[in-house]
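See structure below.
The values are calculated or read from the model by the stated rules, or taken from the named source; none is laboratory data. Since the structure is predicted, the reported quantities are computational estimates derived from the model, not experimental observations. Note: ideal-geometry Cβ built from the backbone for every residue, glycine included; neighbour counts use all protein chains shown. We work out accessible area using only protein heavy atoms, side chains counted, and drop any ligands, DNA or RNA first. Shrake-Rupley method; radii C 1.70, N 1.55, O 1.52, S 1.80 Å.
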Amino acid sequence: MGLKVVSSAIISFSLFLLLASTAKAQSKGVFDVTKYGADKDITQALTNAWKDACASTNPSKVLIPSGTYSLRKLTLAGPCKAAIELQVYGILKAPVDPNQFSGGHWVNFIYIDKFTLSGSGTFDGQGKVAWSKSTCQKDKDCDSLPMNIRFDFITNALVRDITTRDSKNFHVNVLGCKNLTFQHFTVSAPGESVNTDGIHVGRSTGIYIIDSKIGTGDDCISVGEGTEELHITRVTCGPGHGISIGSLGKYPNEKPVSGIFVKSCTISDTTNGVRIKSWPALYGGVASNMHFEDIIMNNVQNPVIIDQVYCPWNQCSLKAPSKVKISDVSFKNIRGTSATPVVVKIACSSSIPCEKVELADIKLAYRGSGGPAKSQCSNVKPIISGIMSAPGC
């Protein structure tokens, strides 16, 4: 009888230690996907770990350790009960076959406040097969292809030290977000990849992209309607299509774009440098308070451009001018080398000319045939100061 009592006491004490150990681990707030049965495919393990972490009333971390994992289409949603962080140290690989997706995204973060995505990990979209079959360049209908990462309605968030590679579509799409920072963020895809914008921002406020490196097959950063207070600082761009505001005026009821600050960036071997673009003939809009300063261009085509007759693949009518109003724009201390003889091209709407466009200290050299460097301006009276290496405006 005594032995039974002792045995029961030992079992009870062991159970107590186990429960105490579990409670202690959970109190640290770390939810490791390998503890949730993660193997080669971590989709379900990550889903379960996120669910538990999101329900925690204390700040929590979901951990994906080093290793290579498969990950199917996934949405990680809030709201969560406290601040939450996803630490990714492994390489996450998307399904190669685009038909395994229903479009939209591969990984979607949505409705989360106080969110951090960190680590040295990689989101590998494995997009080469999708690019080879893509018709985006012909008809721009890319909705069926998934973006690597979507951030929808995220607030007070930080994305740091993460890499996105070879997305089938845009690498990152930011929609309806507020106070979101990308720091030491890397986008990697070959220059011939199709429609693989690095970071696209739309209808968001207080977005910061700093100390980051973006090389891809489309715009390094593209800015859509409704974007306010976007700060792009110390970003390296190339290959790609440069840093672009727009295209604007393609859809009805677009919200204004305002407060765009691009500073201390380096752009290399791209088809455009810093660009504002709007469609002709279609719909109205407003874009103002946009400033580009201290930009280095290395062998860049069209280094400085406002294009209000943007019409790729002849998808629009050029018979009517753009209805988008552009004002309060500055290009200051833009220097380096151009791959085209026209280094500054300001082509504004004939019905709504650009206002308050400033060109200051533009030092761009062109050494190819058809030189020397020159500038072209239409439907605008720019304010020019300092050095202007390319006459014409």
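See the values below:
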read-out	value
Contacts under 6 angstrom Cβ, first residue in segment 155-175 being closer than 16 Å to W106 by Cα and free of Cβ contacts under 8 Å to residues at least 40 places away in the same chain, partner part of a strand (DSSP E or B) and of a type in the set (G, A, S), 6 or more apart	L175/G202
In segment 201-230, the residues that are open to solvent by 40 Å² or more (accessible area, probe 1.4 Å) and under 26 Å from K323 (Cα atoms)	R203, T205, E228, E229
Residues (closer than 11 Å to V223 by Cα and in a loop (DSSP other than H, G, I, E, B)) located in segment 241-268	none
Whichever residue in segment 166-190 is assigned to a strand (DSSP E or B) and touching a His at 6+ places or on another chain (Cβ under 8 Å) and, among such residues, is nearest to I91 (Cα to Cα)	V187
One residue from K374, K356 being charged (D, E, K, R) and closer than 13 Å to I326 by Cβ	K356
Segment 60-83 residues that are touching a residue at least 40 places away in the same chain (Cβ under 8 Å), paired with ones that are of a type in the set (G, A, S) and open to solvent by less than 40 Å² (accessible area, probe 1.4 Å) (beta carbon under 7 Å, 6 or more apart)	I64/G90; I64/G121
Residues located in segment 358-383, provided they are more than 25 Å from N299 (Cβ to Cβ) and surrounded by fewer than 19 Cβ atoms within 10 Å (Cβ to Cβ)	E358, S378, N379, K381, I383
Condition broken by L86, with the remaining ones in (1) touching a strand residue (DSSP E or B) at 6+ places or on another chain (Cβ under 9 Å); (2) open to solvent by 10 Å² or more (accessible area, probe 1.4 Å); (3) aliphatic (A, V, I, L, M) satisfied	(2)
Lone unmet requirement of (1) open to solvent by less than 10 Å² (accessible area, probe 1.4 Å); (2) modelled with pLDDT of 95 or more for P280	(2)
Which listed residue, of S389, S385, S350, is of a type in the set (S, T, Y) and either within 15 Å of A281 (Cβ to Cβ) or within 29 Å of the chain's Cα centre (by Cα) (or both)	S350
Residue within segment 338-357 that is open to solvent by 20 Å² or more (accessible area, probe 1.4 Å), in contact with a Lys or Arg (Cβ under 7 Å, 6 or more places away or on another chain), among the β-branched types (V, I, T) and more than 18 Å from D219 (Cβ to Cβ) present	yes
Residue in segment 89-107 that is nearest to the chain's Cα centre (by Cα), counting only those that are open to solvent by 40 Å² or more (accessible area, probe 1.4 Å) and among the aliphatic types (A, V, I, L, M)	I91
Segment 109-121, residues that are open to solvent by less than 10 Å² (accessible area, probe 1.4 Å) and in a strand (DSSP E or B)	F109, F115, L117, S118
Residue pairs meeting the criteria (Cβ under 9 Å; at least 6 apart or on separate chains; first at pLDDT 85 or above and surrounded by fewer than 18 Cβ atoms within 10 Å (Cβ to Cβ), in segment 305-321; second of a type in the set (F, W, Y) and not in a strand (DSSP E or B))	C311/W279
Selection from segment 58-104 of residues that are at pLDDT below 95 and in contact with a Pro (Cβ under 8 Å, 6 or more places away or on another chain)	P98, F101, G103, G104
Count - residues of segment 268-298 that are hydrophobic (A, V, I, L, M, F, W, C) and in contact (Cβ under 8 Å) with a residue 60 or more places away in the chain	2
Which numbered condition A130 fails, given (1) buried (at least 16 other Cβ atoms within 10 Å of the Cβ); (2) at pLDDT 95 or above	(2)
